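As structure tokens, the structure follows; a few thoughts come after it.
Please treat every number below as a calculation from the coordinates, not as lab data. Keep in mind the model is a prediction, meaning the values are calculated, not measured. Cβ: placed from backbone, ideal geometry, glycine included. Neighbour counts: every protein chain shown.
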């Protein structure tokens with residue numbers, strides 16, 4: 001597909017890498033930069049960006065951009081390729097726009113050159129990413145309250161799952177920001193003050209701010225989980241230690257009178273059984289009083305309050 005678009009009739013060529021003919025006509029056919037880019041179409045599987053010049057001295061930006069990535073499958077992603085000069089935009093596998101064709105061409109008709117057209121595409125790409133970030137915000141809010149309601153190992157798993165999703169979003173956003181910086185670096189005429197450059201920059205900045213803030217929130221959740229897990233681990237060890245200590249008299253006297261020695265005077269006592277029970281109860285009670293008086297039991301014997309992190 002090849003069209004003349006906008007006020008200055010810049011050219012947009014859109015190809016499908018699986019069906020395209022590398023010998024398709026182009027105003028820059030035979031240029032080594034164009035030839036090198038054409039040879040890499042369909043082969044590049046990662047983000048790439050080149051800022052260089054054509055033989056006629058015209059500045060050009062070309063590369064590949066991953067714009068969608070599955071959260072669960074590393075090999076499930078979508079990538080498109082682009083070749084951009086001031087008067088020409090060539091794209092391959094560009095399927096990023098959710099708007100209908102009429103609305104798209106109405107917006108493209110307001111652009112002055114190919115760079116503004118490419119910025120329009122990036123802006124729409126960022127718009128879709130911001131929608132995904134809004135969905136991520138909803139799941140993060142649910143997770144934040146789940147930590148308080150039912151703190152368990154499954155929640156910690158969800159926290160790190162959200163953290164992984166956040167890393168994927170940032171991994172998608174960083175190359176887009178790099179492309180914006182490359183356009184700014186070349187300093188195309190009348191681009192920085194245009195509405196498309198400003199709008200796209202604001203959307204990229206908004207997405208980066210949101211992801212950074214959500215990263216801080218998830219880090220706080222992870223720190224909170226680590227503190228709670230450490231505290232509860234200490235409480236469990238303390239509980240086991242205290243319970244073992246309290247039941248020491250029972251185990252000690254039980255072991256003593258469970259021996260099979262021939263001469264054990266206590267076995268002949270008339271009230272030996274009652275004496276043993278009383279001795280065990282009294283010694284256990286004295287030991288418990290001693291531990292509690294020292295403050296070693298703390299809140300171990302209190303039930304955990306619903307919705308509380310520690311109590």
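Of the labelled figures (i) 59, 46, 38; (ii) 104, 75, 39; (iii) 115, 37, 32, only one reflects Cα extents along the principal axes in Å as derived from the coordinates, namely (iii). Can you compute the FRET efficiency between residue 209 and residue 73 using 1/(1 + (r/R0)^6), with r the Cβ-Cβ distance and R0 = 22 Å? Round to the nearest 0.05. That gives a FRET efficiency of 0.15. For the peptides 164-171, 102-109, residues were scored by their other Cβ atoms within 10 Å and the scores averaged per peptide; the highest-first order is 164-171, 102-109. Model label points for residue 263 and residue 240, set 7 angstrom from Cα along the Cα-to-Cβ axis, are 4.2 nm apart.
Shape summary of segment 107-159, radius of gyration then Dmax from alpha carbon positions: 19.2, 57 Å. If R0 is taken as 22 Å, the Cβ-Cβ distance between residue 141 and residue 222 corresponds to a FRET efficiency of 0.85.
Assuming 0.36 nm per residue, please report the length gained on full extension of the stretch residue 134 to residue 182 beyond their Cα-Cα distance.
Full extension of this stretch gives 14.5 nm more.
For the listed peptides 256-268, 173-185, 216-228, a ranking on the average number of other beta carbons within 10 Å per residue, highest first, reads 173-185, 216-228, 256-268.
Helix-only arithmetic for the chain: the sum of -39500 (n - 2.57) across DSSP H runs with n ≥ 4, divided by the residue total, places the mean residue ellipticity at 222 nm at -19500 deg cm²/dmol. Just to be sure I understand: of the beta bridges DSSP finds with both ends in segment 2-226, what percent are antiparallel, rounded to 5? So the antiparallel bridges amount to about 80 percent of the total.
Of the three principal axes defined by the Cα atoms of segment 247-294, the extents in descending order read 41, 19, 10 Å. Extension gain, residue 58 to residue 281: 0.36 nm times the residue separation minus the Cα-Cα distance gives 70.8 nm.
Every pair of different Cα atoms in segment 118-198 enters the Kirkwood calculation, which places the hydrodynamic radius at 15.1 Å. A full extension of the chain between residue 171 and residue 288 corresponds to an added length of 36.4 nm, given 0.36 nm per residue minus the alpha carbon distance.
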